[in-house]
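S.K.: Could you have a look at this structure, given as structure tokens, before my questions?
The values are calculated or read from the model by the stated rules, or taken from the named source; none is laboratory data. A quick note: this is a predicted structure, and the numbers were derived from the prediction, not measured. Don't worry about glycine lacking a Cβ; one is built from the backbone with ideal geometry, like all the others, and counts go over all protein chains shown.
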Amino acid sequence: MKRILIIACTIAVVLSSAGVLVAKEITVRGRLQKTVEPGGWVIAAGKSKYLILNARNFQKETWFKESAEVEAIGDTKPDVVTTYMEGTPFEVRTMHPVEQTGASVDAGATRVTRVMVAGDSIVQAQPDTAILTISVVTQGKRAIDAQQENASKSDAVVRAAKTAAGTGAEIKTSGYSLQPQRVYRENQPPTITGYEARNSVTVTISDLTKVGGVIDATAQAGANDVAGISFTLRQDRAARDQALKEATREAVSKAQVIAQALGGRVVRIVEVQEEGLERPRPMYEANAGLMRASAQVATPVEVGSLEITSRVQLIAEVEANL
């Protein structure tokens with residue numbers, strides 16, 4: 001069976017006067033295509049195909065890619081038999097790309113080009129966590145006076161925060177400082193007039209309805225500074241995935257619109273990159289003016305919604321009619 005296959009595949013080759021198969025130098029012009037055999041390449045010239053036996057010698061060239069039009073000079077190898085025999089075995093000596101011009105391209109010819117597009121999306125989600133930073137600030141003539149007063153009030157504030165926030169809340173000290181208060185006069189060394197102690201506590205709660213109550217309770221216990229309140233989303237996987245999905249769809253849609261404008265179609269997506277994810281947090285600002293121990297009105301807190309932003313950039317191959 002092997003002898004029959006060899007004879008059938010070499011009928012069209014050149015024979016010497018002695019009837020021996022000989023190589024024939026030819027010039028081939030056509031488009032590069034991948035073969036069914038992994039790593040194989042052929043030059044498709046009309047209805048004929050030429051199997052490149054030494055394709056590795058040219059694969060590092062930037063122009064060596066599928067659908068590229070090339071011109072090659074080399075020898076056919078009628079004595080070579082491959083697994084699939086996809087085309088005439090062809091050992092290439094020289095190969096170079098063929099530049100296309102408007103005058104030389106046939107009507108209806110196509111060319112593959114690459115386009116880069118970006119897709120953006122914004123997904124709104126309801127926050128599930130609030131983070132408050134509450135401080136107790138005290139002053140005294142002596143450092144020990146400011147420190148002891150601060151310790152007493154801070155202890156009361158922490159106990160009030162735990163009661164108001166309820167079970168499941170996370171309360172921890174996030175900062176502490178004891179600093180001298182100085183007065184500066186011209187041509188004189190600074191004078192220490194007293195000391196200021198600051199103890200900051202961070203409260204993280206999941207029950208957003210208790211945010212205002214925590215502010216009121218800690219204010220009555222002695223807290224006199226709130227740096228701010230931030231709302232976030234601890235379980236944000238679903239929202240992030242949705243934003244990423246919509247951004248990708250938008251980018252693909254843009255590539256398809258460009259392809260249609262060129263009279264062609266998207267052949268494949270070459271590369272996709274996620275450029276970043278932004279999760280803005282709505283802020284509720286508070287200050288010492290809100291901390292009134294005698295407050296009779298509950299502090300109102302509007303939670304609002306979060307906007308999760310995603311951006312995707314992709315490169316698509318577009319087959320366009322010239």
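S.K.: Is it the case that some residue within region 154-173 is of a type in the set (Asp, Glu), part of a strand (DSSP E or B) and in contact (Cβ under 8 Å) with a residue 24 or more places away in the chain? Give the derivation first.
M.R.: Narrowing region 154-173 to residues of a type in the set (Asp, Glu): 155, 170.
Filter again for part of a strand (DSSP E or B), leaving 170.
Retained after the next criterion (residues that are in contact (Cβ under 8 Å) with a residue 24 or more places away in the chain): 170.
The answer is yes; a qualifying residue exists.
S.K.: If I filter region 267-276 for residues that are among the charged types (D, E, K, R), assigned to a strand (DSSP E or B), modelled with pLDDT under 85 and surrounded by fewer than 13 Cβ atoms within 10 Å (Cβ to Cβ), do I get at least one hit?
M.R.: Among the residues of region 267-276, at least one is among the charged types (D, E, K, R), assigned to a strand (DSSP E or B), modelled with pLDDT under 85 and surrounded by fewer than 13 Cβ atoms within 10 Å (Cβ to Cβ), which makes the answer yes.
S.K.: Of (1) modelled with pLDDT under 90; (2) farther than 24 Å from Thr129 by Cβ; (3) of a type in the set (A, V, I, L, M, F, W, C), Ile229 satisfies all except one. Which?
M.R.: In the conditions (1) modelled with pLDDT under 90; (2) farther than 24 Å from Thr129 by Cβ; (3) of a type in the set (A, V, I, L, M, F, W, C), Ile229 misses (2) alone.
S.K.: So, one more: In region 132-155, which residue that is buried (at least 17 other Cβ atoms within 10 Å of the Cβ) and among the aliphatic types (A, V, I, L, M) is farthest from Arg182 (Cα to Cα)?
M.R.: Only one residue fits best here, namely Leu132.
S.K.: Also, quick follow-up: Go through region 53-79 and report how many residues are assigned to a helix (DSSP H, G or I) and either in contact with a Gly (Cβ under 9 Å, 6 or more places away or on another chain) or closer than 26 Å to Val318 by Cα (or both). Write out each step before concluding.
M.R.: Keep residues of region 53-79 that are assigned to a helix (DSSP H, G or I), which gives 55-57.
Cutting the leftovers down to either in contact with a Gly (Cβ under 9 Å, 6 or more places away or on another chain) or closer than 26 Å to Val318 by Cα (or both) gives us 55-56.
Of the residues in that region, 2 qualify.
S.K.: When region 87-99 is examined, which residues are found to be out of contact with any Gly (no Cβ under 7 Å at 6 or more places or on another chain), surrounded by fewer than 20 Cβ atoms within 10 Å (Cβ to Cβ) and farther than 12 Å from Trp63 by Cβ?
M.R.: We begin by selecting, within region 87-99, every residue out of contact with any Gly (no Cβ under 7 Å at 6 or more places or on another chain); these are 87-89, 94-99.
Next, only the ones that are surrounded by fewer than 20 Cβ atoms within 10 Å (Cβ to Cβ) stay: 94, 96-99.
Thr94, the sole residue that qualifies.
S.K.: Scan region 198-220 residue by residue and report those that are part of a helix (DSSP H, G or I), in contact (Cβ under 8 Å) with a residue 60 or more places away in the chain, touching a strand residue (DSSP E or B) at 6+ places or on another chain (Cβ under 9 Å) and under 14 Å from Thr163 (Cβ atoms). Steps first, please.
M.R.: Step one: list which residues in region 198-220 are part of a helix (DSSP H, G or I), which gives 208-220.
Filter again for in contact (Cβ under 8 Å) with a residue 60 or more places away in the chain, leaving 208, 211-216, 218-220.
Those still in the list that are touching a strand residue (DSSP E or B) at 6+ places or on another chain (Cβ under 9 Å) too: 208, 211, 214-215, 218-219.
Scanning region 198-220 gives Val214, Ile215, Thr218, Ala219.
Results for (1) closer than 19 Å to Leu208 by Cβ; (2) in the same structural domain as Gly222 (by TED's automatic domain parsing); (3) surrounded by fewer than 13 Cβ atoms within 10 Å (Cβ to Cβ); (4) at pLDDT 75 or above, shown as yes or no for each residue.
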{"position": "Gly289", "(1), (2), (3), (4)": "no, no, yes, no"}
{"position": "Arg292", "(1), (2), (3), (4)": "no, no, no, no"}
{"position": "Thr299", "(1), (2), (3), (4)": "yes, no, no, yes"}
{"position": "Leu314", "(1), (2), (3), (4)": "no, no, no, yes"}
{"position": "Glu317", "(1), (2), (3), (4)": "no, no, no, yes"}
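S.K.: Of a type outside the set (Phe, Trp, Tyr) and in contact with a Pro (Cβ under 8 Å, 6 or more places away or on another chain): is that true of Gly166 in this structure?
M.R.: Values: of a type outside the set (Phe, Trp, Tyr): yes; in contact with a Pro (Cβ under 8 Å, 6 or more places away or on another chain): no.
It is false that Gly166 is of a type outside the set (Phe, Trp, Tyr) and in contact with a Pro (Cβ under 8 Å, 6 or more places away or on another chain).
S.K.: Oh, and also: Considering only region 207-218, state which residues are within 9 Å of Ile134 (Cα to Cα) and of a type in the set (A, V, I, L, M).
M.R.: Ile215
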